[in-house]
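Quick notes on the structure that follows.
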Amino acid sequence: MVETAKLEKAEAEGGRLTRLSAFVFLHTEHAIYAALGVLLALTAVMALVDAAGMTLKAVTAVGAAAQLLDVVDRLLFLLMLVEILHTVRVSMRSGRLTCEPFLIVGLIASIRRVLVLTLQTAEQMHESAWTPQKEALFRASMIELGVLAGLILVMVVSIFLLHRARDTDEPAGSE
């Protein structure tokens, strides 16, 4: 009888400690997510202002491919920040982490790299005569483009399969 009372008291105290620690950890996690969200939002706003300035400079310097590359690069970076911010918001709201936003960020990053690599390679190939260094650079660029194309295909198929596996056609985070 005494043993049963002691056991029940220990379980009640353990349950209280478990509930208290879960409460503290949950609120700590939410505070960190909120701080991360604020920092990401500030970074996104700064990147948007910078991209707007770069766009205005590119408009005034018509025909400058390097400036257009920088603008597209910055805008795709901004899109990645917004997707990560969306992921943080969804994680706070639903209490779970979904993989689709990360696949989308990876897809955007891969497309961003394809665009940058293509424009950089095109600029370098038109500068002067072919040299062994230029040929090696071209081969390396083509290999990287091939790997990126495969990676993009895998991510698109993964996103498609995730959408098909869900009961609804709603995007991740709307649950």
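The values are calculated or read from the model by the stated rules, or taken from the named source; none is laboratory data. Not measured: the values here are computed from a predicted model. When we count neighbours, we look across all protein chains shown, and the Cβ atoms used for this are built from the backbone with ideal geometry, even at glycine. Ligands, DNA and RNA are excluded from the accessible area calculation, which covers all protein heavy atoms including side chains. Shrake-Rupley method; radii C 1.70, N 1.55, O 1.52, S 1.80 Å.
Values as computed for the structure displayed
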| read-out | value |
| --- | --- |
| Close pairs (8 angstrom Cβ cut-off, 6 or more residues apart or separate chains): within 22 Å of residue 113 (Cβ to Cβ) in segment 125-143, surrounded by 10 or more Cβ atoms within 10 Å (Cβ to Cβ) and of a type outside the set (A, V, I, L, M, F, W, C) anywhere | 125/134; 134/124; 137/121; 137/124; 138/121; 141/120; 141/121 |
| Checking residue 58 against (1) more than 16 Å from the chain's Cα centre (by Cα); (2) of a type in the set (Gly, Ala, Ser); (3) under 29 Å from residue 96 (Cα atoms), the condition it does not meet | (3) |
| So residue 139, is it open to solvent by 70 Å² or more (accessible area, probe 1.4 Å), of a type in the set (Lys, Arg) and part of a loop (DSSP other than H, G, I, E, B) | no |
| Of residues in segment 66-125 being assigned to a helix (DSSP H, G or I) and of a type in the set (Lys, Arg), the one nearest to residue 33 (Cα to Cα) | 89 |
| Selection within segment 142-175 - at pLDDT 85 or above and not in a helix (DSSP H, G or I) | none |
| Residue check for residue 47: of a type outside the set (Phe, Trp, Tyr) and surrounded by 15 or more Cβ atoms within 10 Å (Cβ to Cβ) | yes |
| Residue check for residue 97: more than 17 Å from residue 30 (Cβ to Cβ) and either basic (Lys, Arg) or open to solvent by 70 Å² or more (accessible area, probe 1.4 Å) (or both) | no |
